[in-house]
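Asker: The following block contains the structure, expressed as structure tokens.
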Amino acid sequence: MRITLMVTCLVDGLFPDVGRATVRLLRRLGHDVEVPAEQTCCGQVQINTGYGPSALGVIRHHVAAFAGADVVVAPSASCVGSVRHQHAALARQAGDASLAAEAGALAARTYELSELLVDVIEITDVGAYYPRRVTWHPTCHSLRLLGVGDQPRRLLEAVEGLELVDLPDADHCCGFGGTFSLKNPAVSGAMLEDKLGRIAATGAERCASGDASCLMHIGGGLSRTGSTARPVHLAEILASTR
Amino acid sequence: MTGSRDAVLARIRAASPPSARPPLGRVERSYRGPVGAGDLDRFAARVADYRAAVTRCGAAEVASTVAEALGRRGANRVVVPAGLDPAWLPADLEVVGDDPPLSTLQLDALDATLTTCAVAVAETGTIILDHGPGQGRRALTLVPDVHVVVVPGHLVVAGVPDAVARLDPTRPHTWISGPSATSDIELDRVEGVHGPRTLHVVVCEPPGPRP
Amino acid sequence: MSGADWVPVAPPGVGHLRGARPFPQEAAAAVTDRTLRSNLTGATTRIRAKRDAAVSEVADWEQLREAGAAIKDDVLAHLDTYLLRLEEQVTARGGTVHWAADAAEANRIILELVGAAGAGEVVKVKSMTTQEIGLNEALAAAGVAAIETDLAELIVQLGDDWPSHFLVPAIHCNRTEIRDIFRRAMPGVDPELPDEPAALAEASRRYLRDKFLSAEVAISGANFAVAETGTLAVVESEGNGRMCLTLPRTLVTVMGIEKLLPRWADLEVFMQLLPRSSTAERMNPYTSFWTGATEGQELHLVLLDNGRTATLADPAGRAALRCIRCSACLNVCPVYERVGGHAYGSVYPGPIGAVLSPQLTGVAANPTLPFASTLCGACYEVCPVAIDIPTMLVHLRERAVAAGSEPAAERVAMRAMAWLMASRRRWAPSLAALRAGRLLGRRPPLPPPLSAWTSSRDLPRPPARTFMQWWDEEERR
């Protein structure tokens, strides 16, 4: 399958290993990976902060950058959520019907990584090896915006050597929320504190997730509190082999 | 009528121009839920979940069951609304009528009230009064601290939609699901606040063999 | 963008829809209160589990929810038609209908009615709407004592405090704090009153019994009003509602104009949705329905706008008026759970408050509330009338930005970023510049607002190469 990677701005700029892991994984499974050179960002930060109308150029750019793609995958539920639920709506709001149609069509072939693997490629055992105790934080946007269910779990359960431990109140938000973490830092910090406490209670060595943004937040907290647990992206686990 | 009627109506029409509206009353209803006659076992169990007392009896045993329910609470002076089936009254009960209407203070001095209901809901364990015959005006089932209600089996429907359909909207209604309660302290439920602190439901089986 | 600019909003200076300080300041203070956090976490955790159980029992919940949303949308699309129908029915059955454009007018109407009844004291059923308009203060200013009869509302009143939740206005207090309030402020209370909930409920029963039996005037809200029949409804638990609705000779019911249901049969939907979403029971202990003047009572119905028509005027915000005040969204909201209701500065707190309050007052008067959310979506998931609160929050953030409420530096930064992101040629150097951060370490002294990040988290160490640099150098063919 020809798969086009939407690497996302955060992975591109701060967590390139997550992008490289995604490439490695998809190639190992026998797929061709393309990376459009023009891609930048989905514009979610602007949109969710109230600057949606200013992000129209970003949306237009994104749609053009991925015009030739058959299937797009992103290692981020929240960026896929923006593509699926915000791009066409903003184009419509701005009265640009043709952009809305193109954005809608692109959204229909854009998937979050675990969706692509389990629902499109129809694979759960990707042949990975990851001998660690791992707990899974399902991000809010994967759960509630995309409706991702047990796909990540099924993928993790098939990983050789991996011990999966349940995270209590896993579906509670970690407190990131994009610019929420800057506009309401005290509340964001309190939510993070509770999430860190639950991660610690599992005794896991790794807190895994499918969103680099939540992982940056959780990872920043783990580092600050001196925890031995580390954040890890789903793609990095699935790309690991013996 | 007083106040800014025309101003408010004009604002509504400005905010939601009549030309841009969908047709009136267009609502899809694909819910179904339980329909038809209610299961008495389920009804009794769900009433009991609210920590109300429930006793089941045959049609001929209502009076003795009521006597037992009242006796258990030491209730001697009992207000009984007009229209209640006289066969349900225990022989030695001191019945107080409400005609002419008792004052609120007189009601407050009584031990209990004995009524029937208009309809009941098995799924939710709810008793619905429409304050018609055998049920009395609203204060009668509110002020005394014990409420004994006789529910003939044929009045029990399966779910909420059947109950709503059976009711006459022009009458007042009181829906009762267990004794008065509150969750206002730490969202923890405790029974017994302002309404009757004891609710005793006597479920009267329909005549004939039990299914 | 929205019509809300030309329909009057709730006026300032009366009622409780605006806080004294912006949300981030109130929230930052509240979040440090350990007792408050433990009270809220305990209560919301309990009710969340109960609600999940109560809802999962209903096989057709999603269909009921869709119908609930559709019925309310029908009401909102034809609000004038249904209000006139309600007025006609209530009037035909002996009630009197009053129309209040805003809080001040509603208070004036109610004061006149209480004055005409010659009452120096009124009993009240818990009502969000009367809190919204500041009725108790208006009554007090006119020398009329308003006795709150709902247990939690009584706790709040005796504690000289403010409600912080729709269903449980005193959710921020634990049993010991409540006992202390009763011991301090409840006339005739047992000085040895223990802190068991049953004893506290019993104390309120004793205190209020005489009030109920002697009250001349009651003031209530309404959960529903059926346009087709003129029927009003109060959904409650304790029986204080029944007392107020039944015993006094004069009943004044105050309700927002959006509380309508078109048909009697619509109750079959809402009497399933509300109890399970609210107290998380199959059915709440008591619901009273009455149509017109009942059993010789005098009935006055006050219909309140106070910013509702302004809300109606925004097609992307009007669904907030579907709300039936169940409080399910408060109970699941991670922000509400950390800060409680007072931080929102409005009688409508939590996720629904964050979309409703700014629309009632105009966004410029409440610009921080739409940002009081991580957009986690838990509220939308549990809403029994399917209000898409996250999408509405984003829309109201746009309105706040359009109103110029956000800092100029943010506006410049966001627009600059958008400009950079619209071209890889412009974007790539900015992204690569992050590499400079490799020298800063994990806790650099950043300028605000970025310093907020390092208040509780470390920064990731930027990589030597961006992903795209790696791809271009090693992989691109």
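The values are calculated or read from the model by the stated rules, or taken from the named source; none is laboratory data. This structure is a prediction, so every number in the text was calculated from the model and none was measured. Every residue, glycine as well, gets a Cβ built from its backbone with ideal geometry; the counts of neighbours run over all protein chains shown.
Asker: Given the residues A:A94, A:A101, which is the only one that is of a type in the set (A, V, I, L, M), farther than 24 Å from C:L396 by Cβ and surrounded by fewer than 21 Cβ atoms within 10 Å (Cβ to Cβ)? Step through it out loud before you land on a result.
Answerer: Details: A:A94 fails: farther than 24 Å from C:L396 by Cβ.
Of A:A94, A:A101, the one residue that is of a type in the set (A, V, I, L, M), farther than 24 Å from C:L396 by Cβ and surrounded by fewer than 21 Cβ atoms within 10 Å (Cβ to Cβ) is A:A101.
Asker: Taking the criterion of being within 17 Å of C:A422 (Cα to Cα) and without any contact (Cβ under 8 Å) to a residue 40 or more places away in the chain, would at least one residue in the range A:19-33 satisfy it?
Answerer: Filtering the range A:19-33 for residues within 17 Å of C:A422 (Cα to Cα) gives none.
No, there is no match, as no residue in the range A:19-33 is within 17 Å of C:A422 (Cα to Cα) and without any contact (Cβ under 8 Å) to a residue 40 or more places away in the chain.
Asker: Can I ask one more? Using the structure shown, decide if C:E236 is touching a strand residue (DSSP E or B) at 6+ places or on another chain (Cβ under 8 Å), of a type in the set (D, E) and either crowded, with 22+ Cβ neighbours inside 10 Å or within 12 Å of chain B (Cβ to nearest Cβ) (or both). Steps first, please.
Answerer: Values: touching a strand residue (DSSP E or B) at 6+ places or on another chain (Cβ under 8 Å): yes; of a type in the set (D, E): yes; either crowded, with 22+ Cβ neighbours inside 10 Å or within 12 Å of chain B (Cβ to nearest Cβ) (or both): yes.
Yes: the conditions hold for C:E236.
Asker: So is C:V332 among the β-branched types (V, I, T) and more than 8 Å from chain A (Cβ to nearest Cβ) or not?
Answerer: On the way: among the β-branched types (V, I, T): yes; more than 8 Å from chain A (Cβ to nearest Cβ): yes.
Taking the combined requirement at face value, the residue satisfies it.
Asker: Exactly one of (1) touching a Gly at 6+ places or on another chain (Cβ under 8 Å); (2) crowded, with 19+ Cβ neighbours inside 10 Å; (3) not assigned by TED's automatic domain parsing to the domain that holds C:T279 is unmet by C:W419. Its number?
Answerer: Of everything listed in (1) touching a Gly at 6+ places or on another chain (Cβ under 8 Å); (2) crowded, with 19+ Cβ neighbours inside 10 Å; (3) not assigned by TED's automatic domain parsing to the domain that holds C:T279, C:W419 misses just condition (2).
Asker: Consider only pairs whose beta carbons are under 8 Å apart and that are at least six residues apart or on different chains; among these, list those whose first residue lies in the range C:38-49 and is more than 7 Å from chain B (Cβ to nearest Cβ) and whose second residue is in a helix (DSSP H, G or I) and among the basic types (K, R).
Answerer: Qualifying pairs under 8 Å: C:L40/C:R338.
Asker: Which residues, taken from the range A:22-35, are within 12 Å of another protein chain (Cβ to nearest Cβ), among the charged types (D, E, K, R) and assigned to a helix (DSSP H, G or I)?
Answerer: Within the range A:22-35, A:R24, A:R27 meet the criteria.
Asker: Moving on to the next point. Taking the range C:431-454 as the search range and keeping residues that are surrounded by fewer than 15 Cβ atoms within 10 Å (Cβ to Cβ) and not in a loop (DSSP other than H, G, I, E, B), which one is nearest to the other protein chains (Cβ to nearest Cβ)?
Answerer: In this case the residue turns out to be C:L450.
Asker: Which of the residues that make up the range B:180-196 are more than 7 Å from chain C (Cβ to nearest Cβ) and assigned to a loop (DSSP other than H, G, I, E, B)? Write out each step before concluding.
Answerer: Residues of the range B:180-196 that are more than 7 Å from chain C (Cβ to nearest Cβ), as a first pass: B:189, B:191, B:196.
Once the filter is applied, which keeps residues that are more than 7 Å from chain C (Cβ to nearest Cβ) and assigned to a loop (DSSP other than H, G, I, E, B), the range B:180-196 yields only B:P196.
Asker: Still on this structure, please answer the following. Given the conditions (1) touching a Pro at 6+ places or on another chain (Cβ under 9 Å); (2) β-branched (V, I, T); (3) buried (at least 24 other Cβ atoms within 10 Å of the Cβ); (4) facing another protein chain (nearest Cβ under 8 Å), report the number of the one that B:T174 does not fulfil.
Answerer: Condition not satisfied by B:T174: (1).
Asker: Let me spell it out: the conditions are (1) in contact (Cβ under 8 Å) with a residue 60 or more places away in the chain; (2) farther than 20 Å from A:M191 by Cα; (3) touching an Asp or Glu at 6+ places or on another chain (Cβ under 7 Å), and C:G362 meets all of them except one. Which number is the exception?
Answerer: Unmet condition: (3).
Asker: So if I check each of B:V62, B:V35, which one is farther than 30 Å from C:A227 by Cα, hydrophobic (A, V, I, L, M, F, W, C), under 22 Å from the mean Cα position of the chain (by Cα) and more than 9 Å from chain C (Cβ to nearest Cβ)? Show your work before the answer.
Answerer: On the way: B:V35 fails: farther than 30 Å from C:A227 by Cα.
Criteria check complete, one pass: B:V62.
Asker: OK, next. For the range C:248-312, please list each of the strands (runs of 3 or more DSSP E) lying entirely inside it that holds at least 1 residues being modelled with pLDDT under 95 and closer than 29 Å to C:A77 by Cβ. I'd like the intermediate steps shown before the answer.
Answerer: Values: elements: C:250-256, C:286-291, C:298-304.
Here the list is empty.
Asker: Would it be correct to say that C:A67 is under 24 Å from C:F270 (Cβ atoms) and either within 25 Å of the chain's Cα centre (by Cα) or at pLDDT 95 or above (or both)? Before you say what the answer is, go through the steps one by one.
Answerer: Numbers: under 24 Å from C:F270 (Cβ atoms): yes; either within 25 Å of the chain's Cα centre (by Cα) or at pLDDT 95 or above (or both): yes.
Here the answer is yes, as C:A67 does meet what is asked.
Asker: Still on this structure, I have one more. Could you tell me whether C:S423 is under 22 Å from A:C174 (Cβ atoms), free of Cβ contacts under 8 Å to residues at least 40 places away in the same chain and hydroxyl-bearing (S, T, Y)? Break it down into steps so the answer makes sense when it comes.
Answerer: Details: under 22 Å from A:C174 (Cβ atoms): no; free of Cβ contacts under 8 Å to residues at least 40 places away in the same chain: yes; hydroxyl-bearing (S, T, Y): yes.
No; evaluated as a whole, the condition is false for this residue.
Asker: Any chance the range C:135-145 includes a residue that's in the same structural domain as C:L213 (by TED's automatic domain parsing), crowded, with 24+ Cβ neighbours inside 10 Å, within 26 Å of C:L274 (Cβ to Cβ) and modelled with pLDDT of 95 or more?
Answerer: yes
Asker: Follow-up. Kindly indicate which of B:G136, B:G132, B:G125 is out of contact with any Asp or Glu (no Cβ under 8 Å at 6 or more places or on another chain) and of a type outside the set (A, V, I, L, M, F, W, C). Even if it seems obvious, please write down each step before you answer.
Answerer: Numbers: B:G136 fails: out of contact with any Asp or Glu (no Cβ under 8 Å at 6 or more places or on another chain); B:G125 fails: out of contact with any Asp or Glu (no Cβ under 8 Å at 6 or more places or on another chain).
Going through B:G136, B:G132, B:G125 in turn, just one is out of contact with any Asp or Glu (no Cβ under 8 Å at 6 or more places or on another chain) and of a type outside the set (A, V, I, L, M, F, W, C): B:G132.
Asker: Could you tell me whether any residue of the range A:95-109 is under 21 Å from A:V148 (Cβ atoms), over 15 Å from the mean Cα position of the chain (by Cα) and charged (D, E, K, R)?
Answerer: Yes, the range A:95-109 contains at least one residue that is under 21 Å from A:V148 (Cβ atoms), over 15 Å from the mean Cα position of the chain (by Cα) and charged (D, E, K, R).
Asker: Scan B:G159, B:G195, B:G136, B:G125 and give me the residue that is crowded, with 20+ Cβ neighbours inside 10 Å and closer than 20 Å to C:T149 by Cβ.
Answerer: Values: B:G159 fails: closer than 20 Å to C:T149 by Cβ; B:G136 fails: closer than 20 Å to C:T149 by Cβ; B:G125 fails: closer than 20 Å to C:T149 by Cβ.
Result: B:G195 is the single residue among B:G159, B:G195, B:G136, B:G125 that is crowded, with 20+ Cβ neighbours inside 10 Å and closer than 20 Å to C:T149 by Cβ.
Asker: Please state which one of C:D472, C:D458 is loosely packed, with under 15 Cβ neighbours inside 10 Å, without any contact (Cβ under 8 Å) to a residue 60 or more places away in the chain and among the acidic types (D, E).
Answerer: On the way: C:D458 fails: loosely packed, with under 15 Cβ neighbours inside 10 Å.
It is C:D472.
Asker: Also, I was wondering about something else. Can you tell me which residue among A:A108, A:A103 is out of contact with any Gly (no Cβ under 7 Å at 6 or more places or on another chain), under 26 Å from A:L29 (Cα atoms) and of a type outside the set (D, E, K, R)? Talk me through it step by step, then tell me what you get.
Answerer: Values: A:A103 fails: under 26 Å from A:L29 (Cα atoms).
One residue alone meets the criteria, A:A108.
Asker: With the range A:124-236 as the region, which helices (runs of 4 or more DSSP H) entirely inside it contain at least 2 residues that are in contact with a strand residue (DSSP E or B) (Cβ under 7 Å, 6 or more places away or on another chain) and away from every other protein chain (no Cβ under 13 Å)? It would help to see each step written out before you state the result.
Answerer: On the way: elements: A:151-157, A:180-183, A:185-202, A:212-224.
Ranges flagged: A:151-157, A:185-202.
Asker: If you go through the range C:200-232, how many residues are outside any helix (DSSP H, G or I) and within 9 Å of another protein chain (Cβ to nearest Cβ)?
Answerer: 5
Asker: Return the residues of the range C:335-371 that are closer than 21 Å to C:R48 by Cα and aliphatic (A, V, I, L, M); say none if nothing qualifies.
Answerer: Answer for the range C:335-371, where residues must be closer than 21 Å to C:R48 by Cα and aliphatic (A, V, I, L, M): C:V335, C:V339, C:I352, C:A354.
Asker: Could you identify the single residue in C:A59, C:A53, C:A49, C:A43 that is over 30 Å from C:R318 (Cβ atoms) and not in a helix (DSSP H, G or I)? Step through it out loud before you land on a result.
Answerer: Values: C:A53 fails: not in a helix (DSSP H, G or I); C:A49 fails: not in a helix (DSSP H, G or I); C:A43 fails: not in a helix (DSSP H, G or I).
Exactly one of C:A59, C:A53, C:A49, C:A43 is over 30 Å from C:R318 (Cβ atoms) and not in a helix (DSSP H, G or I), namely C:A59.
Asker: On to the next question. Return a yes/no flag: does the range A:59-70 have any residue that is at pLDDT below 95, over 16 Å from the mean Cα position of the chain (by Cα) and either at the interface with chain C (Cβ under 9 Å from one of its Cβ atoms) or over 23 Å from C:P315 (Cβ atoms) (or both).
Answerer: The first filter runs over the range A:59-70 and keeps only residues at pLDDT below 95, leaving A:68.
Remaining after also requiring over 16 Å from the mean Cα position of the chain (by Cα): A:68.
Now narrow it down to the ones that are either at the interface with chain C (Cβ under 9 Å from one of its Cβ atoms) or over 23 Å from C:P315 (Cβ atoms) (or both): A:68.
Yes - at least one qualifying residue is present in the range A:59-70.
Asker: Just checking, which of A:G13, A:G43, A:G19, A:G52 is facing chain C (nearest Cβ under 10 Å) and within 30 Å of A:E122 (Cβ to Cβ)?
Answerer: A:G19
Asker: Does the range A:37-79 hold any residues that are assigned to a helix (DSSP H, G or I) and over 24 Å from C:R411 (Cα atoms), and which are they?
Answerer: A:V63, A:A64, A:A65, A:A77
Asker: Right, next: Which count do you get for residues in the range B:122-162 that are within 8 Å of another protein chain (Cβ to nearest Cβ), in contact with a strand residue (DSSP E or B) (Cβ under 9 Å, 6 or more places away or on another chain) and part of a helix (DSSP H, G or I)?
Answerer: The number of residues fulfilling the criteria is 2.
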